[in-house]
Amino acid sequence: MKASGRVFKYGDNVDTDVIIPARYLNSSDPAELAKHCMEDIDKEFVNRVKQGDIIVADKNFGCGSSREHAPIAIKAAGVSCVIAETFARIFYRNAINIGLPIIECPEASKDIADGDQVEIDFDTGKIYNRTKGTSYQGQAFPEFMQKLISAGGLVNYINSGK
């Protein structure tokens, strides 16, 4: 499994309230949530993001409330992966549960810049920065987590009977 796209770069402590502001939580429709993804931290995100793009952030991405709406909004906006130095634990679990690939890699989070073209190999955890010609070793997903992500999340995986 691989992903590649343009990077949107953010800093430390990107919380779930800026990923999807609370004023939009009256909907659980992924397409509706995607329209407001990141708008309180990056007004132009939804106008610029393309299918397959990647979010890179620093420490503690997804902190704050435990809402599943945050990873759903990111995935529905077209983001193929989030790379960060560290993730809030509940966001990490919620992302896997809904099938959003996330990778912890401090070196990549420090070195990759906004606008860089990046490719990720989920089988090996290898992250390639095509813009800079550099690579980083992220945490590879165990096979069972790759199956969850490939299925589109935990519920789809269970319903598929695999």
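In whole Hz, with x marking every Gly and Pro, tabulate ³J(HN,Hα) for segment 107-118 from phi via Karplus 6.51 cos²θ - 1.76 cosθ + 1.60, θ = phi - 60°.
Karplus values, whole Hz, x for Gly and Pro: 5, 5, 5, 7, 8, 6, 10, 4, x, 4, 9, 10.
How big is the dipole moment of the chain about its Cα centre under a simple scheme where the beta carbon of each Lys and Arg is +1, that of each Asp and Glu is -1, and everything else is neutral? Debye, nearest 20, please. Don't jump to the answer; show the numbers that get you there.
Values: 19 positive and 22 negative charges, 72 e Å.
That gives the chain a dipole magnitude of about 340 debye.
Which percent, to the nearest 5, of DSSP beta bridges fully inside the chain are antiparallel? Please report the intermediate quantities before stating the final value.
Details: 13 of 25 bridges.
Counting DSSP beta bridges with both partners in the chain, the antiparallel share is about 50 percent.
Pairs to check: K110/K132; K59/K132; K2/K110; K9/K50. Give those whose C-alpha atoms are more than 19 Å from each other in this structure. Please list the in-between numbers first.
Working: K110/K132 13 Å; K59/K132 22 Å; K2/K110 21 Å; K9/K50 14 Å.
Beyond 19 Å between Cα atoms: K59/K132; K2/K110.
First check a/c for the chain, with a ≥ b ≥ c the square roots of the eigenvalues of its C-alpha gyration tensor; if it is under 1.5, answer rounded, and if not, answer prolate when a/b is larger than b/c or oblate otherwise. Don't skip to the answer; put the middle values down first.
Details: a/c = 1.58, a/b = 1.09, b/c = 1.44.
Verdict is oblate for the chain.
State the Kirkwood hydrodynamic radius of segment 91-152 in Å, one decimal place, computed from all pairs of distinct Cα atoms. Could you put the intermediate results ahead of the total?
Values: mean 1/r = 0.0817 Å⁻¹.
It works out to 12.2 Å.
Accessible area per residue for the chain in Å², computed with a 1.4 Å probe and the full protein assembly in place, what is it?
On the way: 7510 Å² over 162 residues.
Accessible area per residue, the chain: 46 Å².
Percent relative contact order of the chain, based on C-alpha pairs within less than 8 angstrom and at least six residues apart? Provide the component values of the computation, followed by the final result.
Working: 380 pairs, mean separation 38.9, N = 162.
About 24 percent, as a whole number.
With +1 on each Lys and Arg Cβ and -1 on each Asp and Glu Cβ, how big is the dipole of segment 12-105 about its Cα centre, in debye rounded to the nearest 20? Could you put the intermediate results ahead of the total?
Working: 10 positive and 14 negative charges, 47 e Å.
Dipole size: approximately 220 debye.
Under 5 Å between amide hydrogens, which residues at least 5 positions from F87 or on another chain qualify, with H placed 1.01 Å from N in the peptide plane?
For F87, whose amide H was placed from the backbone, the distant partners under 5 Å are N60, F61.
For segment 1-76, take the convex hull of the Cα atoms, compute a quarter of its surface area, and give me that in nm², please.
Values: hull surface 20.3 nm².
Projected over every direction and averaged, the Cα hull of segment 1-76 covers 5.1 nm².
Take the alpha carbon atoms of segment 107-162, find their center, do the same for segment 1-43, and report the distance between the two centers in whole angstrom.
A separation of 18 Å, based on Cα centres.
Give the carbon-plus-sulfur fraction of the accessible surface of segment 1-110 in %, rounded to a whole number; probe 1.4 Å, heavy atoms of protein chains only. Could the numbers behind the result be given before it?
Details: 2230 of 4590 Å².
Ligands and nucleic acids excluded, carbon and sulfur give 48 percent.
Report the paramagnetic label zone for L25: residues of segment 51-75 whose backbone N is under 14 Å from a point 7 Å from Cα along the Cα-to-Cβ axis.
Once the point is set 7 Å along Cα→Cβ of L25, 63-73 turn out to lie under 14 Å by backbone N, inside segment 51-75.
The values are calculated or read from the model by the stated rules, or taken from the named source; none is laboratory data. Owing to the predicted nature of the structure, the values given are computational and were not obtained by experimental measurement. Glycine also receives a Cβ, built like all others from the backbone with ideal geometry; neighbour counts cover every protein chain displayed. Calculation scope for accessible area: heavy atoms of the full protein, side chains included, ligands and nucleic acids excluded. Shrake-Rupley method; radii C 1.70, N 1.55, O 1.52, S 1.80 Å.
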